[in-house]
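The values are calculated or read from the model by the stated rules, or taken from the named source; none is laboratory data. Just so you know, these numbers come straight off a predicted model, no measurement behind them. FYI the Cβ positions are ideal-geometry reconstructions off the backbone, even for glycines, and counts take in every protein chain you see. Keep in mind that these areas ignore ligands, DNA and RNA; they rest on the heavy atoms of the full protein, side chains included. Shrake-Rupley method; radii C 1.70, N 1.55, O 1.52, S 1.80 Å.
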Amino acid sequence: MPPTDPGLRFSSDDTRGSQLPPECGTLPEGGPPSAAPDGRAAGPLLDNLAGWGAAGTPAGPFALVPVRPDRDLARITGWMNDPAVAAFWELAGPPETTAAHLRGQLDGDGRSVPCLGVLAGVPMSYWEIYRADLDPLARHYPARPQDTGIHLLIGGAADRGRGLGTILLRATADLVLDHRPRCTRVVAEPDLRNTASVAAFLSAGFHCADEIELPAKRAALMVHDRHRAPRQPL
C-alpha cells in the first residue's frame, strides 16, 4: 500500500441497527459466551476465520491471525501512532485508545474480526474482516447477503510503497472467497482522492463499482467478484 495511505477504513463502528442473518440461530440460554480472543473469529458470521490458514503469495505465506490484546496491543498501538496511519485511522494515543477500538469488535457478535496480517511468519499489518452487509456501510450501497468487507493498514514504513499492499489485498480476497462459499464478493471503500490506493485495489483484482458518500469521505466502492478477478499467481 502506498506510504500516503497505509490505513483504509470506514470510520463508523455503530452496528446496532443491523440484524443477524437467520442462519446464525439464537444465542445459548444465559446470553453470549464469555469473551475469548478467537471465540467470535471461530463463529458462523465469518465462517470460522480463525481456521482459515495461510495463502501463498509471491512474498511468502500470508495468514490472518485473530488479534489477542494481551499479545498484540502494544504492536498495534505503535502502528496507530505512526502519523501516516493516524491520519486515516484516527486512533493515535495511549494503548487504552486502541484497546477500546479492539474491544468493540472482540466483545461483539463476530460480524467484525480484528486480525494481524502475518507475512512469512512476521506480523506486519492490521486487518479488519467484517460482514459488510451487516455494517453501516450497507446503508450506502446496494449490499448483497454475505458481502465481506476489509479494512487494513501496513504497519511498518519499510513495507509501504513497494507493492505489498496489492499482493496482500489479493491474497486476502482469495482467502475470503475460498473460505466463505456463500460470499460472492469482497468490498472496500478507499477515499476517492487517494488515487494510489484505488490503483492498488485495481491491481489486486478489484474494480470500482461506484462512488459513494460516507460520513467522513467520498469513497470509491471497490469490489472483488468471485467470478470476475483472476487468482494471484505464486
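Given a 1.4 Å probe and the protein chains all in place, what does the accessible area of Thr166 round to, in Å² to the nearest 10?
30 Å²
How would you rank 219-227, 184-192, highest first, on the average number of other Cβ atoms within 10 Å across their residues?
184-192, 219-227
Please list Arg162, Arg71 from largest to smallest accessible area, probe radius 1.4 Å, with all protein chains kept in place. Before the final figure, lay out the partial values.
Values: Arg162 145, Arg71 110 Å².
The most accessible residue leads, giving Arg162, Arg71.
Modelled label-to-label distance, Leu73 and Ala157, 7 Å Cα→beta-carbon offset: nm?
2.7 nm
Counting only residues 5 or more places away or on other chains, whose amide H sits under 5 Å from the amide H of Thr57 once H atoms are built in the peptide plane?
It is Phe62, by chain and number.
Given a 1.4 angstrom probe, I'd like the percentage of the accessible area of region 74-159 that is carbon and sulfur, rounded to a whole number.
Values: 1800 of 3050 Å².
Reported share for carbon and sulfur atoms: 59 percent.
How many angstrom lie between the Cα centre of region 74-121 and the Cα centre of region 194-209?
If you average the Cα positions of each part, the centres end up 23 Å apart.
Ignoring ligands, DNA and RNA, what accessible area per residue does region 85-234 give at 1.4 Å, in Å²?
On a per-residue basis, 39 Å².
Place a +1 charge on the Cβ of each Lys and Arg in region 154-234 and a -1 charge on the Cβ of each Asp and Glu, then give the dipole magnitude about the Cα centre in debye, rounded to the nearest 20.
Once rounded to the nearest 20, the dipole reads 180 debye.
Can you tell me which of 153-161, 137-145 comes out highest on packing, and rank the rest after it, using the mean Cβ neighbours within 10 Å? List each step's numbers first, then the result.
Numbers: 153-161: 19.1, 137-145: 15.9.
Taking the mean over residues of other Cβ atoms within 10 Å, the ranking is 153-161, 137-145.
Towards the positive end of the charge dipole of region 84-150, with charges on Cβ (+1 Lys, Arg; -1 Asp, Glu), say which of Leu134, Val118, Ala92 has the farthest Cα.
Farthest towards the positive pole: Leu134.
Tabulate in residue order the Karplus-calculated ³J(HN,Hα) for region 44-53, using 6.51 cos²θ - 1.76 cosθ + 1.60 with θ = phi - 60°, rounded to whole Hz; enter x for Gly and Pro.
Result, ordered by residue: x, 5, 10, 6, 6, 3, 4, x, 5, x Hz.
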